[in-house]
Amino acid sequence: QTSTSKSSLTKKIMTTGADVRDILELAGGDNDAGPISKKDIINSDKKKAKKSTETLTFKRPEGMHREVYALLYSDKKDAPPLLPSDTTQGYRTVKAKLGCKKVRPWKWMPFTNPARKDGAIFHHWRRAVEEGKDYPFARFNKTVQVPVYSEQEYQMYLHDDGWTKAETDHLFDLCKRFDLRFIVIHDRYDHQQYRKRSVEDLKERYYNICGKLTKVRAVSGTEPKIYIFDAGHERRRKEQLERLFSRTPEQVAEEEYLIQELRKIETRKKEREKKAQDLQKLITAADSTTEMRRAERKATKKKLPQKRETEKPAVPETAGIKFPDFKSAGVSLRSQRMKLPSSVGQKKIKAIEQILTEQGVDLNPMPTEEIVQMFNELRSDLVLVYELKQAHSNCEYEQQMLRHRYDALLKAGGAVTPQSESGGVPDSQAWPGPDDIKTEAKEQIIDVVGAPLTPNSVSRQNDLIIELQVFAH
Amino acid sequence: MSGGVYGGDEVGALVFDIGSYSVRAGYAGEDCPKADFPTVIGVTLDREDGTTPMETDGEKGKQSGTTYYIDTNQLRVPRENMEVMSPLKNGMSTWHYNIPAFFLCKTAVLSAFANGRSTGLVLDSGATHTTAIPVHDGYVLQQGIVKSPLAGDFMSMQCRELFQELSVEIVPPYMIASKDSVREGAPASWKKKEKLPQVTRSWHNYMCNTVIQDFQASVLQVSDSPYDEQVAAQMPTVHYELPNGFNCDFGAERLKIPEGLFDPSNAKGLSGNTMLGVGHVVTTSVGMCDIDIRPGLYGSVIVTGGNTLIQGFTDRLNRELSQKTPPSMRLKLIASNTTVERRFSAWIGGSILASLGTFQQMWISKQEYDEGGKQCVDRKCP
C-alpha cells in the first residue's frame with residue numbers, strides 16, 4: 001500500500017509544475033523549448049481551430065488581434081461586446097494551465113525613447129526576452145504638419161497689413177505647440193503684446209498663409225487643392241448660435257406657441273379642403289347620374305342603344321348605393337338582388353323607408369326583373385338625395401353662422417381683430433361679399449373655398465321627387 | 001503590467017498632488033494614493049520669540065534648531081512650541097532632491113482624465129476655493145477659469161458661528177480627560193486633562209478645526225430647492241455629539257449653512273453680494289468660452305473635490321444648471337460615487353497619465369531643465 005501511495009505521490013509531483021521537473025531535471029512531457037504561448041495555457045482544441053479557420057470567409061491578417069478583426073468583419077453585424085472575452089471554447093469557463101512552461105523572467109532595464117529629443121534614459125520592467133527591442137510606444141508620437149515659411153517667402157507673399165511678422169510667427173508657434181487646436185491657441189494667445197484676435201481671425205490668417213504657400217510651392221503645372229476658410233460665414237454662424245443660446249424662456253415659449261398655431265391653421269385648412277372635395281364629389285355624382293338617367297331614358301324611348309354606351313361616366317361609390325352584382329351559378333332568387341347591402345347606414349335606411357311610405361310606394365315590391373332594377377335605382381337615388389339634403393342643410397347652417405359673425409363684427413367696428421381660432425364649426429362657404437370683409441379686417445382669415453351649390457342640385461331634388469311620383473303610379 | 005494591453009508602461013513614477021487641505025502622494029499605476037495627510041507642517045522652535053520659522057531654500061529641509069513634521073504623531077500630540085504652517089504659503093523647494101525627471105500638470109486636466117474625459121468643465125470644490133475650469137482636448141482654457149472663495153473653509157466658518165450662537169464651546173479631544181453623558185441640549189460636563197503642555201494658539205486652532213470639519217462632514221446637507229423655512233422645518237433632524245459630550249439634534253441649520261454655497265445673497269459674513277453661487281460659477285465659466293465648445297462642456301460637467309461630498313450637493317447642482325442652461329442643451333453631470341474618487345481624482349488622473357507608455361516622452365528630464373530653465377516647463381507642460 002505504501003508503494004502505491006508513493007508512486008501516486010510522485011505521479012502527482014510530476015504532473016504539477018514544469019518548474020519542479022526543471023529543478024529535478026526530469027524529462028518533461030512535451031519538449032517544446034520555445035516560449036509559452038496562449039495555446040498552451042488555454043489549450044484550445046486543434047481540431048476545432050481548423051474548423052473555424054475553414055469557415056472564415058475573409059482571412060484575418062497576421063498579427064491583428066482577433067477582437068479587432070471581429071469588429072471590422074463581423075458576420076452578424078452585431079455591436080462589438082464591451083468586454084471582449086478570450087475563451088475560444090464557448091461557454092465553458094477555461095481554466096488557465098499555469099506552470100506548464102519555463103518562467104519568463106522580467107528585468108529592470110534602461111531604455112531610451114526615440115520620441116524624446118534629449119535621449120534621456122529611464123528604467124522600466126520588461127521581459128528579458130525583449131531586451132534591445134524598440135520602445136513600442138514611440139510610434140504614437142505623431143504631430144500635425146504645420147507649414148514653415150522662410151523669411152524670404154514671408155516678405156514676398158505673406159505680407160499682410162493687419163499682421164506683423166512677429167505676430168504671425170507667434171501664431172504659427174502656437175499652432176505647432178497645440179496641434180492646430182484653435183480654441184486652445186486662442187486661449188493662450190498673447191493678448192497683451194498683440195491685439196485681441198478672435199478665433200476666426202486666427203483661423204483666417206492661418207489658412208490664408210497655408211493656401212498661399214501651397215500655391216507658391218506647388219510644382220508648376222499641377223493644381224493643388226487649397227482649403228478655403230470662409231471667415232465671414234463662421235462669424236455669422238457664431239453670432240446666430242449666440243442668439244439662439246441666449247433666448248429667454250419667454251422667447252422660446254413664444255416660438256413654440258407660434259409653431260403650434262401654424263400647425264393648427266394648416267390642419268384646419270386641410271379639413272376645409274377635404275370637406276369641399278367631398279361636397280364636390282357628391283355634386284358631380286348627382287349631376288352625372290341625372291345625366292346618365294336622362295340619356296338612358298331618351299335612349300330607351302328612342303331605342304338607340306349607342307347613347308347608352310357613350311354616356312356612362314363613372315359613378316363614384318359615395319353617391320348612392322352600389323348593389324352587389326349577383327354572379328351566382330345556377331338558380332337564385334331575384335329578391336336577393338333587391339336586398340340592401342349592409343354598408344348602408346341605419347339613418348339612410350330610415351330615410352329611404354320614410355320617403356317610400358310618403359310617396360305610397362311598397363317597401364317590398366314584387367321582384368320582377370324590371371321592378372328589381374328600377375327599385376334599386378330608386379333607392380340609390382334616394383340615398384343620394386338624402387346626402388345632398390344633408391350637405392345642403394350643413395352649408396345653410398354655416399352660411400347662417402358666418403352671417404351672424406359678419407354682422408357682429410360690423411357692429412363691433414373694424415378695430416376688433418378677430419381671433420383665428422374658431423370653436424367647432426370651420427369656416428367655408430363663399431359668402432356673396434367676401435371682398436368687403438377682406439378689405440375691412442386684413443388679419444381675418446377667410447378661405448374662399450367650398451364648392452358653391454350649383455343650381456343644378458337644387459333642381460335635382462325636384463326632379464327626383466317627380467320621378468318618384470311617376471314611378472309610383 | 002504588460003505594455004500591449006492598454007498602453008501602460010511602468011517606469012516607477014511618483015505622483016504628488018498638493019492641495020490646500022491635504023497632500024496626496026503615491027506611485028503611478030495604482031488606483032489610490034498611498035499617503036494622504038494634511039497639508040500642515042509642524043515646526044518646533046528652539047528660539048524664544050516663537051514667530052514663523054525661517055525659509056528653507058537650498059537646504060534639505062532641515063535647519064539648525066528647527067525640525068519639520070508632516071502627519072506624524074508629533075503633530076497630533078500636544079507639544080510645546082509647535083507651530084503649524086502651510087507649506088504652500090511659505091514655499092518649499094524640492095530641487096535639491098535627485099530627481100531624474102519631472103512633469104507638472106494642472107489638476108483640472110487630471111481630474112478630467114480620471115473620469116474618462118478629455119473635454120469637460122471641471123468643477124472643483126475643495127477646502128479653500130470653488131473653481132470652474134473648462135478643459136478642452138486636454139488643455140485648460142485659462143480665460144474661462146472662474147474662482148469663488150465659497151468652499152469648505154467657508155462652511156467651517158459658518159459652523160463655528162453657529163456654535164457661537166448656540167453658546168457651545170468647541171473643545172478638541174486632546175483636552176478631554178473624561179466626559180459624562182448629558183441630556184440633549186444640556187451643557188456639556190467634562191473634565192479637563194491635567195498636566196496639559198502649553199500649546200501654541202495655531203495648534204489649538206488646528207485641533208478645533210478638525211472637530212468642526214467632522215461636524216461639517218456628517219451633519220450638513222444641501223436642500224434640493226432654494227432654501228425655504230417651512231420645508232427646512234420639516235426635514236428630519238440629525239443627532240450629533242461633540243467630543244466634550246454636548247449633543248443636539250440639528251434640523252433647519254443643516255440646510256441653512258450649505259445654502260450659502262449656492263445662494264450667497266443670504267449668507268452671513270459676506271461683504272456685499274458680489275459672490276457667485278456654485279451654479280453661477282459654472283454658467284459664467286462656460287459663457288466665457290467659445291460657443292462651439294459649449295455643448296461639449298455642458299455635456300460633461302465633472303464634479304470633484306472634497307466639499308462636493310456634502311449630501312445633496314450634486315442633485316442641487318444638477319437642478320440649478322438645468323434651469324440655467326438653454327433648453328436645447330444636453331446637460332450631463334459626472335460625479336463619481338465614492339469618496340476616494342472624488343477627493344483624489346486629480347491624483348488618480350496623474351497616476352493614469354504617468355503610467356501610460358505614450359507619456360514617457362513628455363517628462364522634463366534634469367538635463368532639459370538645466371538647459372532650458374523655467375521656459376521649458378512653460379512650453380512642455382500644458
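The values are calculated or read from the model by the stated rules, or taken from the named source; none is laboratory data. All values derive from a computational prediction rather than experimental measurement. Here the Cβ positions follow ideal geometry from the backbone for every residue, glycine too, while neighbour counts run over all protein chains shown.
If the condition is being under 20 Å from A:P249 (Cβ atoms) and small (G, A, S), then the stretch B:297-339 contributes B:S322, B:S328.
Counting only residues that are in a loop (DSSP other than H, G, I, E, B), free of Cβ contacts under 8 Å to residues at least 24 places away in the same chain and within 11 Å of chain B (Cβ to nearest Cβ), the stretch A:148-182 holds 2 of them.
For every residue, the table says whether it meets (1) small (G, A, S); (2) modelled with pLDDT under 65; (3) under 22 Å from B:I99 (Cβ atoms); (4) touching a strand residue (DSSP E or B) at 6+ places or on another chain (Cβ under 6 Å).
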| site | (1), (2), (3), (4) |
| --- | --- |
| B:S2 | yes, yes, no, no |
| B:D17 | no, no, yes, yes |
| B:L45 | no, yes, no, no |
| B:G50 | yes, yes, no, no |
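Out of A:Q192, A:Q145, one residue alone is assigned to a loop (DSSP other than H, G, I, E, B), assigned by TED's automatic domain parsing to the domain that holds A:L213 and within 30 Å of B:D370 (Cα to Cα). It is A:Q192. Checking the stated criteria, B:R294 turns out not to satisfy the condition of being out of contact with any helix residue (DSSP H, G or I) (no Cβ under 8 Å at 6 or more places or on another chain), modelled with pLDDT of 90 or more and among the basic types (K, R). On the stretch given as the stretch B:276-304, residues that are outside any helix (DSSP H, G or I) and more than 9 Å from chain A (Cβ to nearest Cβ) total 8. Confirm whether A:Q240 is within 14 Å of another protein chain (Cβ to nearest Cβ), at pLDDT 90 or above and farther than 25 Å from A:V146 by Cβ. Spelling it out, A:Q240 is indeed within 14 Å of another protein chain (Cβ to nearest Cβ), at pLDDT 90 or above and farther than 25 Å from A:V146 by Cβ. Which of the residues belonging to the stretch A:331-374 are assigned to a helix (DSSP H, G or I), in contact with a helix residue (DSSP H, G or I) (Cβ under 6 Å, 6 or more places away or on another chain) and not aliphatic (A, V, I, L, M)? Matches in the stretch A:331-374: A:R337, A:K348, A:Q359.
Just the residues that are crowded, with 16+ Cβ neighbours inside 10 Å and within 14 Å of another protein chain (Cβ to nearest Cβ), please, taken from the stretch A:210-237. A:E234 - this is the single residue of the stretch A:210-237 that is crowded, with 16+ Cβ neighbours inside 10 Å and within 14 Å of another protein chain (Cβ to nearest Cβ). What tally of residues in the stretch B:322-345 results from selecting those that are within 14 Å of another protein chain (Cβ to nearest Cβ) and either touching a residue at least 24 places away in the same chain (Cβ under 8 Å) or part of a helix (DSSP H, G or I) (or both)? Qualifying residue count, the stretch B:322-345: 7. Inside the stretch B:354-373, residues that are more than 9 Å from chain A (Cβ to nearest Cβ) and outside any helix (DSSP H, G or I) make up a count of 3.
For the stretch A:195-238, a tally of residues being aromatic (F, W, Y) and in a helix (DSSP H, G or I) returns 2.
Do the conditions hold for B:S351, that is, is it in a helix (DSSP H, G or I), more than 27 Å from A:V252 (Cα to Cα) and away from chain A (no Cβ under 14 Å)? The answer is yes for B:S351.
Close contacts from the stretch A:183-209, counting a first residue that is on the phi < 0 side of the Ramachandran plot and more than 10 Å from every other protein chain (Cβ to nearest Cβ) and a second that is outside any helix (DSSP H, G or I) and aliphatic (A, V, I, L, M), with Cβ to Cβ under 7 Å and a gap of 6+ residues or different chains, come to A:I209/A:L158. Whenever a residue of the stretch A:96-125 is more than 10 Å from every other protein chain (Cβ to nearest Cβ) and over 20 Å from B:A13 (Cβ atoms), its partners that are in a strand (DSSP E or B) and not aromatic (F, W, Y), lying with C-beta atoms within less than 6 angstrom and at least six residues away or across chains, give the pairs A:R104/A:R127.
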